[in-house]
Amino acid sequence: MSGKAIADRPEAEAPRRDRRAERRDATRAEILEAAWALAGEQGLTELSLRDLGDRVGMRAQSIYSYFDSKHAIYDAMFQESNEELLRRMQVVRDTAGTPNERFLLGARGFVEFALEDLSRCQLLFLRTLPGFEPSPEAYAPAVLVLELARERLAEIGITRPEMLDIWTALLSGIMQQQWANDPGGDRWKKLLDDVIAMYLAYAKKRKS
């Protein structure tokens with residue numbers, strides 16, 4: 001092919017950016033970041049659209065251009081948090097090691113996540129907000145997190161459905177006791193390995 005033919009070939013057009021959508025997404029992300037900050041400072045249930053507007057430099061009414069309601073903001077926060085938890089649990093799934101080692105890593109990772117941020121913990125696990133129900137889209141990552149827990153149990157030979165319920169109740173108990181009675185400490189968190197050992201011994205007995 002001649003050089004002229006190459007020169008005459010039209011260059012492939014680069015994909016056109018939707019700058020309006022990019023700006024909208026950036027503003028939504030800014031609002032969510034401010035919402036998390038305010039929830040940490042004032043409490044999850046005390047989130048105010050007026051305070052949120054002040055934090056991001058817009059009138060409270062303008063926030064409705066990005067979220068239909070305060071519950072829509074909570075819903076986005078719920079989804080964002082569960083996606084992060086899912087990402088961490090997927091890392092555990094892909095970690096080399098024995099099934100027992102992955103099970104232990106998954107339990108530790110879940111408890112660490114739950115104890116990193118009180119507002120996030122309340123939103124995801126404690127049903128602190130009256131009347132709030134996450135949308136199916138926001139709840140979908142949470143379902144996948146539970147499926148990964150089910151897979152880790154199956155890898156070590158635990159398949160009875162009630163054993164998953166017992167396991168999630170144990171983790172929730174440690175998480176809630178830690179937040180309620182020793183926030184920032186490790187009184188209950190440090191019991192996790194003992195709880196795992198007791199659980200596995202009980203699960204083995206149930207199979208026999």
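The values are calculated or read from the model by the stated rules, or taken from the named source; none is laboratory data. Only a predicted model underlies this, so the values are computations on that prediction, with no experimental measurement involved. Positions of Cβ are backbone-derived with ideal geometry, glycine not excepted, and every protein chain shown enters the neighbour counts.
Condition first: surrounded by 13 or more Cβ atoms within 10 Å (Cβ to Cβ), basic (Lys, Arg) and within 30 Å of Glu151 (Cβ to Cβ). Can you find one or more residues in the range 56-70 that meet it?
no
For the structure I just gave you, tell me whether Arg93 is in the same structural domain as Asp186 (by TED's automatic domain parsing), in contact with a helix residue (DSSP H, G or I) (Cβ under 8 Å, 6 or more places away or on another chain), in contact (Cβ under 8 Å) with a residue 40 or more places away in the chain and of a type in the set (D, E, K, R).
yes
Just to be sure, is Glu22 surrounded by fewer than 10 Cβ atoms within 10 Å (Cβ to Cβ), outside the structural domain of Ala114 (by TED's automatic domain parsing) and at pLDDT below 90?
no
Between a residue in the range 29-52 that is aromatic (Phe, Trp, Tyr) and any residue that is assigned to a helix (DSSP H, G or I) and exposed (fewer than 13 other Cβ atoms within 10 Å of the Cβ), which pairs come within a Cβ distance under 8 Å, given they are 6 or more apart or on different chains?
Going by the 8 Å Cβ cut-off, there are no qualifying pairs.
Regarding Phe113, is this residue of a type outside the set (Ser, Thr, Tyr), within 24 Å of Glu80 (Cβ to Cβ), under 13 Å from the mean Cα position of the chain (by Cα) and not assigned by TED's automatic domain parsing to the domain that holds Glu41?
yes
Looking only at residues in the range 120-167 that are of a type in the set (Ser, Thr, Tyr) and surrounded by 14 or more Cβ atoms within 10 Å (Cβ to Cβ), which one is modelled with the lowest pLDDT?
Thr128
Would you check if there is a residue in the range 94-111 being farther than 19 Å from Leu170 by Cα and of a type in the set (Gly, Ala, Ser)?
Yes.
Return yes when Glu147 is within 27 Å of Gln42 (Cβ to Cβ), without any contact (Cβ under 8 Å) to a residue 40 or more places away in the chain and acidic (Asp, Glu) and no when it is not.
Criteria not met by Glu147.
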